[in-house]
Every structure is written in C-alpha cells, then in structure tokens.
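The next block holds one structure in the form of structure tokens; read it before the comments.
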Amino acid sequence: MATLNVKKLNKSFGTTSVFRDINFTANEGEFVTLLGPSGCGKSTLLRCLAGLTPVDSGEIFLANKNIVHQPVQERGIGMVFQSYALFPNMTVEKNVAFGLKMQKLPATEIRRRVSEALEMVELNEFSNRYPHQLSGGQCQRVALARSLVTRPALLLLDEPLSALDARIRRHLRDQIRLIQKELNLTTIFVTHDQEEALTLSDRIVLMNKGNIVQNGGAEELYTQPADLFAAGFIGNYN
Ligand code: ADP
Ligand code: MG
C-alpha cells in the first residue's frame, strides 16, 4: 500500500526554522492538497519528501518503509515543479524517456512506456517536438508524463498550474485529477490557491508559517475553520 506517513518532520535553514513537527498522512490513492500562503514552507516540505533537500529530523514512511535517508532516485517518487524544467535540447520523447534510460531499461520497454505516458497526457502526436515548440500547458503535460513514466508510488506536484493562463489551468487541473484517479496514485498537490484546493482535493492540509493549522475535507475547512487564520484564508477566495 503506497500510503505516505510523515512523522515529526523538522527543517531549518541556518537558524531559521522553515517547518516544525509536521505530521500528516496521505492514504493510498488519496489526493491531498498542501495549501498555504507564499513562504509558509510548502515547497521546502515537498522537496524534503522527494529527497532533494535533507530534513533535520523526523521520518517519512512510504508503503511502510522509512525513506528519509534514501537517495532521491530510490524513493519511487515523481515530482512536477511550477517551472517545467524540461531539457530544451531534447525532444518530448527524449525528455520523457530520460529517467528510464537512467534506470537502464531495455529500449523496447522504454518506447512502450513513453508512448503510454504521452497517451495519458494526450501528447502522442507531439513526441518529436522540442520544448520551445510547445505551449506552457503542453510543457507541463510533458513534465507530468516524465514523472508518470517512472510509475511512482507517490506523485508530488508543486504549483504545477500557477504559470498557466486560466483556461489551460482548468483543463490541466481536470486532466491531472482524472489520471490520478485512474492510476489510483497517492498525490500531494501544493498550491496557495484556495479555490483550486477546495475543488480538487480529497483532503486539505492547511499550513501557516511552518505549522499545520488544519487537516480535513474541503467542506470541513470551509464550514468549520480551526482558527482565525483558517477562516480568513479559506473564506477569502476569489
Ligand atoms: P512556499 O513554497 O510555501 O512559498 P518555501 O518552502 O519556498 O515556501 O519557503 C519557506 C521559507 O523558507 C521561506 O521563508 C524561504 O525564504 C525559506 N527558504 C526556502 N528555501 C531556502 C534556502 N535554500 N535557503 C534559505 N531559506 C530558504
Ligand atoms: Mg513554493
């Protein structure tokens, strides 16, 4: 079971604490949104889960295994960032295949999996294009395919929609949710956008200044905010 269990996670940069004693769970197949204002520690927390940033203390269990000391590539985690971070000099197909080549899979298996991933994000006809020949939304779909192709146990999405304009944002948002449900993929989605969180999530983990303020369903957060911050932040969406 690819359940994520985060226990007493702490992170500081120098003497500045970014987050303290973070505890939460994402059950298998659950879409959990980490919501909070800019600077509250969402990206740092996600980078710690992925293994891109070391934690100071605490434990991260994925499928009952403590991965906190495992290197990035052994965690079985896929991550999509706000900026697409594609290789500009590689085609769409090569970008998506990159991670699998690192794993030294046979060429036929790589082709099959890449085609499958591009199918999922509806980009099969674009496999020979370069990133500069794609729109922002399409680039982000390549980034999504690139993480799906490795068949991660956990998908981490750091504001993947923020750089896109409204119409494309809604489309990609729906597409992400559809794929996530189809694959029953445990997903942590980071956003500072209340509306996005309220419409997308199975559960919302609300953060402020490095602490979890509330953890519950969208309706619960909306109707029973835990404190004044939660009431202001959730109520004030536009
Ligand atoms: P969010 O994603 O919620 O906007 P971040 O995790 O990016 O928040 O940042 C949380 C805090 O940690 C901010 O005060 C930020 O300035 C600080 N921070 C993030 N990365 C670093 C770093 N590499 N070195 C020092 N401080 C950092
Ligand atoms: Mg961030």
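Since every read-out is calculated from the coordinates, none of them should be taken as a lab result. It should be emphasised that the depicted structure is a prediction, and the values quoted were computed from it without experimental measurement. Here the Cβ positions follow ideal geometry from the backbone for every residue, glycine too, while neighbour counts run over all protein chains shown.
List of remarks:
- Cross-link pairs Lys101/Lys181; Lys8/Lys65; Lys65/Lys181; Lys104/Lys181; Lys8/Lys209 - those with Cα-Cα distance over 22 Å: Lys101/Lys181; Lys65/Lys181; Lys104/Lys181
- Residues Ile60, Ile204, Ile110 arranged by fewest to most Cβ contacts within 10 Å: Ile110, Ile60, Ile204
- Measuring r between the beta carbons of Asn128 and Ala63 and using R0 = 41 Å, the FRET efficiency lands at 0.65.
- Taken over the range 26-102, the percentage of Cα pairs per 5 Å bin, counting from 0 up to the bin with the maximum distance, is 3, 12, 19, 22, 19, 15, 9, 2.
- Highest mean packing comes first when the peptides 9-16, 179-186, 219-226 are listed by Cβ atoms within 10 Å, giving 179-186, 219-226, 9-16.
- In sequence order, calculated HN-Hα J values of the range 168-181 (Karplus, 6.51, -1.76, 1.60; Hz; x Gly/Pro): 5, 4, 5, 4, 5, 4, 5, 5, 4, 5, 5, 5, 4, 5
- Taken as Cα centroids, the range 87-147 and the range 1-80 sit 26 Å apart, rounded to the nearest whole angstrom.
- Based on Cα contacts under 8 Å between residues 6+ apart, the chain shows a relative contact order of 27 percent.
- Shape of the range 4-46 from the C-alpha gyration tensor: oblate (a/c of 1.5 or more and a/b not above b/c, with a ≥ b ≥ c the square roots of its eigenvalues).
- Sorting the segments 137-144, 149-156 by their mean number of nearby beta carbons within 10 angstrom, highest to lowest, gives 137-144, 149-156.
- Counting only Cα atoms, the chain measures 53, 40, 34 Å along its principal axes, largest extent leading.
- Highest mean packing comes first when the peptides 75-82, 36-43 are listed by Cβ atoms within 10 Å, giving 75-82, 36-43.
- Phi-based couplings in Hz for the range 62-67 (Karplus 6.51, -1.76, 1.60; Gly and Pro marked x): 10, 6, 6, 10, 6, 9
- Measuring nothing but alpha carbons in the range 1-141 and taking Rh as the Kirkwood radius, the Rg to Rh ratio lands at 1.02.
- Whole-Hz Karplus values for the range 48-54 come out as 5, 4, 6, x, 7, 10, x Hz, taken residue by residue from phi with 6.51 cos²θ - 1.76 cosθ + 1.60 and θ = phi - 60°; glycine and proline positions read x.
- Between helix 107-120 and the chain there is an angle of about 50 degrees, using the helix long axis and the longest principal axis of the Cα atoms.
- Helix 136-148 axis versus longest C-alpha principal axis of the chain: approximately 90°, rounded to the nearest ten.
- Folded to 0 to 90 degrees: helix 92-102 orientation relative to the chain principal axis, Cα: 80 degrees
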